[in-house]
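The values are calculated or read from the model by the stated rules, or taken from the named source; none is laboratory data. Since we're looking at a predicted model, the values are computed, not measured. Here the Cβ is made from the backbone with ideal geometry for all residues, glycine too, and neighbour counts use every protein chain on show.
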Amino acid sequence: MKIIPITVPFPAAFGIGKAANCYAIKDDQTLLIDAGWDSPENRVALKKGLESIDAWPPETILLTHGHIDHFGLGGYLHELTGAEIMIHKKDAYMLDNYEDYIREWYDKAMVDAIEGGFEAKELEDVRSKLLLVSKVMLKPTSYTEFEELKIELKGGTLKAMNVPGHTPGSVAYTIREEAFCGDAAIENTINVQDLKQEFLSLQKLKVFKNIYPGHDRLPLHSQDIEALETHFINRLDDVMIACRNGATLRQIVEKMYFAGSRDESLIKTIFPIKQTSAYLHYLEGEGAVAKKNGMWFALRGRL
């Protein structure tokens with residue numbers, strides 16, 4: 001069995017963003033874990049890349065979760081080769097209509113943002129930018145959803161392990177001592193919907209020798225997962241410090257991410273709001289902070 005990492009760039013037409021790590025697994029069949037961003041140049045590059053390693057065409061495309069930078073090229077590959085796309089059932093709805101997912105995701109963010117002191121007009125172009133990206137992707141015409149998954153390969157049994165936190169349906173595909181985890185673990189930080197579930201997922205990943213993430217440096221090891229846990233704990237402490245005397249969501253976001261200056265780019269606007277909200281809701285569940293009249297207050301010094 002061979003594991004071959006493939007880097008799929010962030011499309012230049014969308015600005016600046018992270019390349020996606022995809023992985024070809026060559027055994028008695030060829031699997032592709034995640035497919036990366038869809039774009040005309042990426043379609044050509046991925047096909048050539050897979051051909052160059054004798055991994056064309058892939059027979060199965062395994063998605064770690066339902067975000068567009070991971071399934072984007074899947075629709076094209078399925079149409080071109082007939083490769084089966086597989087995804088956990090909790091994330092499958094994203095493939096049906098990513099625009100609806102974006103609207104739902106954005107609207108939930110705006111509830112916290114507007115209550116927390118942000119003006120709707122400041123973020124009014126964010127939704128349109130997100131929707132523009134989703135419109136240019138080729139939607140998969142079919143896929144297979146699963147709750148549990150095992151694939152018998154000559155080199156071992158590949159299994160899907162649930163690692164929610166980043167999304168409800170995030171999975172890591174594991175075989176022997178390897179885990180392909182998508183965005184469940186990325187060096188330094190990741191965007192998390194549910195931090196309590198994320199901590200549990202990181203515990204699961206630490207037992208593997210090599211952990212292959214969806215972006216940035218690879219592979220990761222148990223000490224890198226421990227460093228990510230420490231990063232989250234430090235950020236939680238930063239949130240508590242920021243609301244020690246009471247603070248709105250906007251004040252906390254600006255203290256943690258912008259240091260008094262705002263960059264109005266997409267990533268530096270909406271994602272810090274979502275991430276800070278996730279930290280606050282985790283701390284609220286731990287009894288470490290409480291909200292009153294739109295203000296967040298720390299109830300103790302440190303987590």
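In the list 274, 291, 206, which residue meets the criterion of being under 30 Å from residue 175 (Cα atoms), surrounded by 14 or more Cβ atoms within 10 Å (Cβ to Cβ), among the basic types (Lys, Arg) and out of contact with any strand residue (DSSP E or B) (no Cβ under 7 Å at 6 or more places or on another chain)?
Working: 274 fails: under 30 Å from residue 175 (Cα atoms); 291 fails: under 30 Å from residue 175 (Cα atoms).
Only one candidate passes the filter, namely 206.
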Conditions (1) closer than 14 Å to residue 8 by Cβ; (2) surrounded by fewer than 18 Cβ atoms within 10 Å (Cβ to Cβ); number of the one not met by residue 52: (1)
Residues located in the stretch 16-56, provided they are in contact (Cβ under 8 Å) with a residue 60 or more places away in the chain and out of contact with any Phe, Trp or Tyr (no Cβ under 9 Å at 6 or more places or on another chain): 27, 28, 29
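Would you mind finding the one in 138, 205 that is under 30 Å from residue 28 (Cβ atoms), modelled with pLDDT of 95 or more and among the aliphatic types (A, V, I, L, M)?
Working: 138 fails: modelled with pLDDT of 95 or more.
Sole residue among the options that is under 30 Å from residue 28 (Cβ atoms), modelled with pLDDT of 95 or more and among the aliphatic types (A, V, I, L, M): 205.
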The stretch 75-98: number of residues that are out of contact with any Gly (no Cβ under 9 Å at 6 or more places or on another chain) and either among the charged types (D, E, K, R) or not in a loop (DSSP other than H, G, I, E, B) (or both): 10
Yes/no for residue 260 being modelled with pLDDT of 95 or more and part of a loop (DSSP other than H, G, I, E, B): no
Which numbered condition residue 89 fails, given (1) under 21 Å from the mean Cα position of the chain (by Cα); (2) at pLDDT 95 or above; (3) under 27 Å from residue 219 (Cβ atoms): (3)
Residue 200 vs. criteria in contact with a strand residue (DSSP E or B) (Cβ under 7 Å, 6 or more places away or on another chain) and among the aliphatic types (A, V, I, L, M): no
Residue, nearest to residue 172 (Cα to Cα), within the stretch 15-61, restricted to residues that are touching a Cys at 6+ places or on another chain (Cβ under 9 Å) and assigned to a strand (DSSP E or B): 33
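Do we have residue 163 as under 20 Å from the mean Cα position of the chain (by Cα), crowded, with 19+ Cβ neighbours inside 10 Å and modelled with pLDDT under 85 here?
Details: under 20 Å from the mean Cα position of the chain (by Cα): yes; crowded, with 19+ Cβ neighbours inside 10 Å: yes; modelled with pLDDT under 85: no.
Spelling it out, it is not the case that residue 163 is under 20 Å from the mean Cα position of the chain (by Cα), crowded, with 19+ Cβ neighbours inside 10 Å and modelled with pLDDT under 85.
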Matching residues in the stretch 242-251 - criterion: being crowded, with 16+ Cβ neighbours inside 10 Å, free of Cβ contacts under 8 Å to residues at least 60 places away in the same chain and not small (Gly, Ala, Ser): 243
Considering residues of the stretch 1-20 that are within 14 Å of residue 70 (Cβ to Cβ) and aliphatic (A, V, I, L, M) only, the residue farthest from the chain's Cα centre (by Cα): 6
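Scan the stretch 200-259 residue by residue and report those that are of a type in the set (Phe, Trp, Tyr) and more than 19 Å from residue 5 (Cα to Cα).
So in the stretch 200-259, the residues of a type in the set (Phe, Trp, Tyr) come out as 208, 212, 232, 257-258.
Passing the criteria: 232, 257, 258.
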